[in-house]
Amino acid sequence: MGQHETYRDTENGALEWKGPAIGLLDLDAFFASVEQLDHPDWRGKPVIVGGSSKKRGVVSTASYEARRFGVHSAMPAFQAERLCPQAIWTQGRYERYHEMSDIVMSFLLDETPLVEQVSIDEAFFDVTPGRFSRENPVAICARVQARVAELGITCSIGVGPNKTVAKIASEQEKPRGLTAVWPGTERKFLAPLPVGAMSGIGTATQAKLEGMGIKTLGQLSRLSCTDAQRMFGVAGPRMVMRAAGLERSAVAAAAEHEVPKSVSNERTFGEDLINEDEVKAAVMHISGLVGRRLRTKGLKGRTVTLKLKYDARTGHTAQAALPSRTDQESVFGREALRLLPQIWSPGMKVRLLGVGVSGFDEAEPVQLGLFQTDQEVRDEKAERLAAATDALKARFGDDSVRYGRDLRFDGRVSDTQPMNKEKF
């Protein structure tokens, strides 16, 4: 366990923690670890969860055995196959991963009600002494880590006075790491680390900082707030404060039925779409997937986003506000089609296409009319049809009712299993 000692409990000889204690639990190579747990003969072997190279698949997670060959998340499958030809590939079973994730999160909730899950395999938690327990935060983290290990998977935990320190600490000794950054040692811990170690600093910001001669978080912490704001806008001073370990962050307890900020779906196509009819059909096909998820969750949004990728690296998005909140693909899908000319022209190749809906709590104007327009009548019929097809799919399965726009993409999308695109 990594420790940065400052305080000692003179009564029992154990280190004493004074002040906020925020942890970050990160499940190690989570998807691949679950697969190795459920397939004992895969243990100790390189395992890759992702889609095949024949359908432009990407790596979702690689076991540590595969990582030794240079394989990592988001890597194109064809590249991973070259690096580790002996790897065992599986498309993944996300219901199983969610089941295991829920169990791990329950371990955290046994220790504190302040648990903020940020992804299927990561969560912040508050174990500040005296808030819900007088126990040493490191002892609590060790107990959680042991309980996770009993499941047959592992996790790494970082604990420190704030979220930034906890997140960076969790990445220091993976896998099975437990790194504690004790109050008063934050700056010493952060100073030698590269600026890229801090979340929120992407490649462009890192390059800009390095152009200024700033390569470590210690150097960044000495940048004046005036210069930081001039170079990076309003986010600059906060970036400097975080680099100095001075962030003050709170862990928000998740609401029982937390509302996401957005719901979206995207698909990568085995072969590029070029034909205008096919691109438009893809927009409506993916809108239909989003619409059903919205209705299942009881959400209606007022902002629609269209995302296109033309190749592995290049893409654009367009966004528009709707007159009122909706969960109907006939409405937000139509708006997505209107956005299409902003970021695509006939003849351009489309590798990936996504549609998202957000603005679930946005205010909307109230307009009263005496008569329905023709479009409103069509939308009302589409809403009734959507409700009927949702009911049939819920009872007989997703393939029980399908539109032509869906059938035309059978076997033409990447077999990388998409995670639910819900952002909180």
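The values are calculated or read from the model by the stated rules, or taken from the named source; none is laboratory data. Remember, predicted model here, so these are calculated numbers, not experimental data. Using ideal geometry, Cβ is built from the backbone for each residue, glycine included, and neighbour counts are taken over all protein chains shown.
Annotations
- Among residues of the range 135-149, those that are in contact with a Pro (Cβ under 8 Å, 6 or more places away or on another chain) and either closer than 13 Å to I103 by Cα or acidic (D, E) (or both), counted: 1
- For the residues S156, S106, S101, the requirement of being under 11 Å from D26 (Cα atoms), in a helix (DSSP H, G or I) and among the hydroxyl-bearing types (S, T, Y) singles out S101.
- Among the residues of the range 167-217, those that are hydroxyl-bearing (S, T, Y) and assigned by TED's automatic domain parsing to the domain that holds E150 comprise S170, T179, T185.
- Output for the range 123-141, where each listed residue is assigned to a loop (DSSP other than H, G, I, E, B) and either closer than 23 Å to G152 by Cα or outside the structural domain of T179 (by TED's automatic domain parsing) (or both): none
Here is a yes/no grid of residues against (1) of a type in the set (S, T, Y); (2) closer than 24 Å to K167 by Cα; (3) surrounded by fewer than 22 Cβ atoms within 10 Å (Cβ to Cβ):
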{"residue": "R56", "(1), (2), (3)": "no, no, no"}
{"residue": "T61", "(1), (2), (3)": "yes, yes, no"}
{"residue": "G70", "(1), (2), (3)": "no, yes, yes"}
{"residue": "R82", "(1), (2), (3)": "no, no, yes"}
{"residue": "T90", "(1), (2), (3)": "yes, no, yes"}
{"residue": "H98", "(1), (2), (3)": "no, yes, yes"}
{"residue": "S101", "(1), (2), (3)": "yes, yes, yes"}
{"residue": "E111", "(1), (2), (3)": "no, yes, yes"}
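- The residues of the range 183-227 that are farther than 16 Å from V240 by Cβ, among the polar types (S, T, N, Q) and under 25 Å from the mean Cα position of the chain (by Cα) amount to a single one, T203.
- Helices (runs of 4 or more DSSP H) within the range 11-98 that include 2 or more residues more than 25 Å from R351 (Cβ to Cβ) and touching a residue at least 40 places away in the same chain (Cβ under 8 Å): 30-38
- Yes/no for G23 being crowded, with 24+ Cβ neighbours inside 10 Å, at pLDDT below 95 and either more than 29 Å from E271 (Cβ to Cβ) or out of contact with any His (no Cβ under 7 Å at 6 or more places or on another chain) (or both): no
- Test: residue in the range 200-207 that is assigned to a loop (DSSP other than H, G, I, E, B), among the aliphatic types (A, V, I, L, M) and surrounded by fewer than 17 Cβ atoms within 10 Å (Cβ to Cβ): no
- D327 being of a type outside the set (G, A, S), surrounded by fewer than 19 Cβ atoms within 10 Å (Cβ to Cβ) and modelled with pLDDT of 90 or more: no
- I120 vs. criteria assigned by TED's automatic domain parsing to the domain that holds G44, surrounded by 14 or more Cβ atoms within 10 Å (Cβ to Cβ), modelled with pLDDT of 95 or more and not hydroxyl-bearing (S, T, Y): no
- Residue within the range 329-343 that is touching a residue at least 12 places away in the same chain (Cβ under 8 Å) and in a loop (DSSP other than H, G, I, E, B) present: no
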